[in-house]
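These notes concern the structure reproduced below.
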Amino acid sequence: MQTKKISIVGAGLIGSLLAIYLRKQGHEVTVFERRQDLRKVDISAGKSINLALSDRGWKPLKEVGLEEDLLKMIIPMKGRIMHDKSGQITFQPYGKEGQAINSISRGGLNGLLMDKAETLGVQFKFQYKCLDVDFEQTSLSLYDGKTNQIIKFDLIFGTDGAFSAVRAAMQKLDRFTYSQSYIPHGYKELVIPATETGDFAIDKNGLHIWPRGEYMLIALPNMDGSFTVTLFLPFEGEGYAFESLNTDEEILSFFQEVFPDALKHMPTLLDDFRANPASSLVTVKSYPWIKNNILLLGDAAHAVVPFYGQGMNCGFEDCFELNQTIEKFGDDWATIFKEFNSTRPQNANAIADLALENFVEMRDKVADENFLLRKKIEAHINKLYPKRWIPQYSMVTFNSSISYSKAMAKGKLQRKIMDKVMSSPDITASWKNLDFELLIKELEEN
Ligand SMILES: Cc1cc2nc3c(=O)[nH]c(=O)nc-3n(C[C@H](O)[C@H](O)[C@H](O)COP(=O)(O)OP(=O)(O)OC[C@H]3O[C@@H](n4cnc5c(N)ncnc54)[C@H](O)[C@@H]3O)c2cc1C
């Protein structure tokens, strides 16, 4: 393969994995990152501290040789641990026995990817901000805090996140389709610290959820015994909102009323509430992701809300699929870009929509008895026909061989069938007598 001089803009999770793949293909890779090196300086503010890593992300990380390191960094979460208002706890498995999503530190994973990339010979240039892109010259305009340089490359990849400068330059071109939308809710990160003996204050084997309609709290475990807690709340409006939680009394009485059993594990609540920003949640869709020798990947191409835990996983899968396309077409970069751009965006759009839908499921439905029965029936059908009826959550989270768009289409059909099943008045008592074979046939005939 002909060695190319490649630049990647953004050394986040996706840019760092992409650098590994491209370097392994034998290319000369330089990554420009506007911030300092996160392995030396803590720059976690404003980003989620930990993330849920699932199959679509795991597969490429394993492919580039990181599985052993990952196993030392993860805490498997086997299901949702639901907390109702009275403090009652119920456990809902995410999938089958042995299936779990994995809590992992964002900084730890990003650092691991950078270390691996550097070992392979990738060059990272920190505190270089991309200001503009010349699509005819394949060049970047980069500012290092003192001077502005224009540097030419053979290929450029934009992995500079949801507010990408590379994408902003593409947006100025003709026939670039772009949408950006915010939900009314923002998020703020809080903490459940480890106990005095260094243990986890609550069960570490699941993703904790306190679903309260418009308000929701979740908690993911960290290796040091703490939990990163994320509060989702409308920015403004009637009822509780970030704009109306200002004084210590307001913050405390909100938690006392809505999340009392979480509050008792949050001794630093008031400090954390003040220290951490309320950040917005954006969905970005764009098309095409290519222009000449320049390609967008990760959040730069498709930012999604975090309610399916798939933004990073989807970006990692971008890298995996791009690598497969490179293996297929070798040096023919025009075809590689074209092929990738013809298949991948529709999948990113699908997970963007699914993530928005899942917000409603997480905050409103997971505590609903009908919903739980529906899940139970679906799990039963899946047990009877493991390959023919896979619940949508499992298709997205544990079956990377099923594309996001297929998972969305199949999930819609399953929902339609289940809506009919659930409309039967005595379903709670009679569901075991359903003709499951008929349901499967209905699914497969559509
Ligand atoms: C609250 C929250 C929770 C989440 N939880 C999950 C989860 O559980 N599972 C999951 O899969 N996903 C999750 N996500 C999504 C995930 O964080 C993103 O999808 C992922 O970070 C995207 O990685 P990226 O490398 O594309 O972009 P980013 O992580 O944003 O990295 C972009 C990099 O580019 C740099 N950069 C930006 N502009 C420039 C410039 N002009 N020049 C040079 N460098 C630049 C930035 O400094 C940054 O380092 C969550 C997101 C949020 C907000």
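The values are calculated or read from the model by the stated rules, or taken from the named source; none is laboratory data. The structure displayed is predicted, hence computed values, not measured ones. Neighbour counts are summed over all protein chains in view; Cβ atoms, including those assigned to glycine, are modelled from backbone coordinates with ideal geometry. Calculation scope for accessible area: heavy atoms of the full protein, side chains included, ligands and nucleic acids excluded. Shrake-Rupley method; radii C 1.70, N 1.55, O 1.52, S 1.80 Å.
The table below lists the values:
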{"item": "Elements of type helices (runs of 4 or more DSSP H) contained in segment 394-446, each with 3 or more residues being in contact (Cβ under 8 Å) with a residue 12 or more places away in the chain", "result": "404-422, 436-445"}
{"item": "Unmet requirement for Arg35, which otherwise passes all of (1) surrounded by fewer than 16 Cβ atoms within 10 Å (Cβ to Cβ); (2) away from the ligand (no atom under 15 Å from the Cβ)", "result": "(2)"}
{"item": "Residue list for segment 146-162, restricted to those being more than 10 Å from the ligand (Cβ to nearest atom) and assigned to a strand (DSSP E or B)", "result": "Asn148, Gln149, Ile150, Ile151, Lys152, Leu155, Ile156, Phe157"}
{"item": "Residue that is nearest to Ser7 (Cα to Cα) [pool: residues in segment 279-300 that are hydrophobic (A, V, I, L, M, F, W, C) and within 8 Å of the ligand (Cβ to nearest atom)]", "result": "Leu297"}
{"item": "Neighbours by Cβ (under 6 Å, 6+ apart or cross-chain): first from segment 304-333, within 17 Å of Lys285 (Cβ to Cβ); second at pLDDT below 95 and in a helix (DSSP H, G or I)", "result": "Phe307/Asn358; Phe307/Phe359; Phe307/Met362; Tyr308/Asn358"}
{"item": "Residue in segment 126-163 that is farthest from Val282 (Cα to Cα), counting only those that are of a type in the set (Phe, Trp, Tyr) and within 25 Å of the chain's Cα centre (by Cα)", "result": "Phe126"}
{"item": "Filter pass, Lys59 being open to solvent by 20 Å² or more (accessible area, probe 1.4 Å) and away from the ligand (no atom under 14 Å from the Cβ)", "result": "no"}
{"item": "Residue satisfying all of: in segment 215-244; among the aliphatic types (A, V, I, L, M) and open to solvent by 10 Å² or more (accessible area, probe 1.4 Å); farthest from the chain's Cα centre (by Cα) among these", "result": "Met223"}
{"item": "Filtered residue count, segment 279-324, keeping only those that are open to solvent by 20 Å² or more (accessible area, probe 1.4 Å) and over 30 Å from Leu233 (Cβ atoms)", "result": "9"}
{"item": "Near pairs, Cβ below 8 angstrom, 6+ apart or cross-chain, from segment 354-375 (modelled with pLDDT of 90 or more) to any residue that is open to solvent by 70 Å² or more (accessible area, probe 1.4 Å)", "result": "Leu373/Thr428"}
{"item": "Unmet criterion (only one of (1) more than 14 Å from the ligand (Cβ to nearest atom); (2) under 26 Å from Phe259 (Cβ atoms); (3) modelled with pLDDT of 95 or more) for Ser103", "result": "(1)"}
{"item": "Spans of strands (runs of 3 or more DSSP E) in segment 79-145 with at least 2 residues closer than 30 Å to Tyr215 by Cβ", "result": "79-83, 89-93, 101-105"}
{"item": "Residue match in segment 267-278 (condition: surrounded by fewer than 18 Cβ atoms within 10 Å (Cβ to Cβ), at positive phi and more than 14 Å from the ligand (Cβ to nearest atom))", "result": "no"}
{"item": "Residue selected from segment 1-60 under the condition aromatic (Phe, Trp, Tyr) and under 22 Å from the mean Cα position of the chain (by Cα), by the criterion nearest to Pro76 (Cα to Cα)", "result": "Trp58"}
{"item": "Ile150 vs. criteria out of contact with any Asp or Glu (no Cβ under 7 Å at 6 or more places or on another chain) and farther than 30 Å from Val166 by Cβ", "result": "no"}
{"item": "Subset of segment 358-375 (residues that are surrounded by 15 or more Cβ atoms within 10 Å (Cβ to Cβ) and within 26 Å of His302 (Cβ to Cβ))", "result": "Asn358, Phe359, Glu361, Met362, Arg363, Asp364, Lys365, Val366"}
{"item": "Single residue of Thr177, Thr138 found to be open to solvent by 20 Å² or more (accessible area, probe 1.4 Å), touching a Phe, Trp or Tyr at 6+ places or on another chain (Cβ under 7 Å) and of a type outside the set (Asp, Glu)", "result": "Thr177"}
{"item": "Odd one out for Arg23 among (1) within 12 Å of the ligand (Cβ to nearest atom); (2) crowded, with 18+ Cβ neighbours inside 10 Å", "result": "(1)"}
